[in-house]
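The structure under discussion appears below in the form of C-alpha cells.
The values are calculated or read from the model by the stated rules, or taken from the named source; none is laboratory data. Computed from a prediction, not measured in an experiment: that's the story for all the values here. Positions of Cβ are backbone-derived with ideal geometry, glycine not excepted, and every protein chain shown enters the neighbour counts.
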Amino acid sequence: MVLNLPLFVRHSNFVLLHICDPNFSALICGGSGYTIRPRTFTSAPFARPPSSCVGLSEMLVRFSTLWSLILGAIEDSGLRASSLPKSVVAIVCDSTSITVNQQSLTTNAPSSSSQFSHYLSLASSSKTDTQRRDALSYLTTQLASKPVNAPLPLPTAILLPKLLPLILDGSSSVRAQLLKFVRLLPHNDVADRAESALLYIRAGMTHLAAEIRADALVVLEWLLEVAEDDVVTCPGGWVKTLKSFMSMMGWAVSSTSSKWTAASKASFGKSGKSFPKQLLVLAQFLKAGLVEAKDDFAVKPVVGNFQNFMIPTRSNAFAHLNLFGSSRDEEGEMYIDREDRQRVFEKNFLAAVNAGVENARKEGGEAGRAAAVLAKVLKEGMADYGVVDDTQ
C-alpha cells in the first residue's frame, strides 16, 4: 500500500513552512506554491517498516493534527481557500496593499517654474528619444500659452545652452520639436547668444548624417531671420560659417598645391535633395553680410564723395591693416564692417562660389533656380567693392 496525500498551497508571496516531523517531507517552490506530503510508506506481508516510521494510524493522526495547524495559520493570515479536486486544495491570497517605491502624495502641487525646470532637465539629459521629445513638447506648450509680454519661466541665457546641443540629436522628432521651441523665444535674447548657437549649427552642417545637416540649415535660416547682424559680426561668424558652407557643398578649395583634384559633391540622389536648400540658405547668409541695408542709403549724399576725406566715424578705422598687432586669427575675428567682410570673402571664397554657382546653373531645375538667386546676391553684394590689397 502506497500513501501519497499531496497538498498544494498557492500564495502571491514567499512563505516558508517548517514541518517538525521526520515522517513528512516538504517541497517548497518560491512564488508558485508548495507541496506538502507524508513520506511514502509501503506495507507488504513480508516487509518490515522502517524503524523511524510509526504505525499508519498514528501517522494519520499526526498528519491530521499538522493539517489543522496549517489551516489555522492560513485563516489567521487572512487567506481564503477555494474548492479544488479531492486530492488538491488551492489557497489564494488577495493583496491588501500596494507599495510603490519613490512615490509620495502631497497636498502642495509643484509650482509652474519648478515643473518647467524639471522638464528642461529631461529634455537636455534624458537618455530616451521619446522622453526628450515629450519634454520639449511640454516646454513649447508652456511658452505658447503665455501672453505676449509675459516673462519666461527661465531666462533665455539658461534655456539655449541646455537645448542647443539637441541640434545634433539623432532623433528627427526631437530636432523638429526643438525648432518649434526656439521660434517662440524673444528675438533680442536670441541675438545675444548667436555665437554659441553658431557653434552647434556649424557642427551640424558638417555632420555625417544628411538629415542632421538639413535640420542644421533650418536652424541657421531661423537664426538669420531673427538676428542676421549678430550672425555675421560675432567672432567666427563670418569666416567659419563660410568654410562650413564650402565643406558641406563640396566647394572647398585647398590652399596647398597638390596633384590631386577634388570633384564637387554630386547634386543627385539623397544628398542632392538638400542642395537647392543649401544654395538658398547660403544666399540668405551672404545677403546679410554683403548687401548693404536699404536704410543706410538715406544718410548718404546724392552726389560727391567728400565722406572719404572726413574723420572716420568708427574707432580704429585702420585695424584691418594690423600695423602694430600680432598675427591674428582670421577665422575667429569679428568683421563688423561690410567692407571687411567683402575683402575677406573676395580673397578666400569668391572664386570657389562663382565656380559652384556656374555648375549649379548648368544643371537647371530647382538647383539652377536657387543658383540664380545666389548669383543675384553676389552681384549686389560685390558691385561696389574695389579690389585693393591693403594687407601687404
Every residue in the range 93-117 that is modelled with pLDDT of 65 or more and either under 16 Å from ALA176 (Cα atoms) or surrounded by 13 or more Cβ atoms within 10 Å (Cβ to Cβ) (or both), please. GLN115, PHE116, SER117
Which condition breaks for ARG202 when tested against (1) modelled with pLDDT of 90 or more; (2) more than 19 Å from the chain's Cα centre (by Cα); (3) closer than 30 Å to PHE245 by Cβ? (2)
Show the residue pairs that are 6+ apart or on different chains and have beta-carbon atoms under 7 Å apart, the first residue being within the range 176-204 and under 12 Å from THR141 (Cα atoms), the second being of a type in the set (Gly, Ala, Ser). GLN177/SER137; LEU184/ALA144
State which residue is nearest to LEU286 (Cα to Cα) when the search covers only the range 353-368 and only residues that are among the hydrophobic types (A, V, I, L, M, F, W, C) and out of contact with any helix residue (DSSP H, G or I) (no Cβ under 6 Å at 6 or more places or on another chain). VAL353
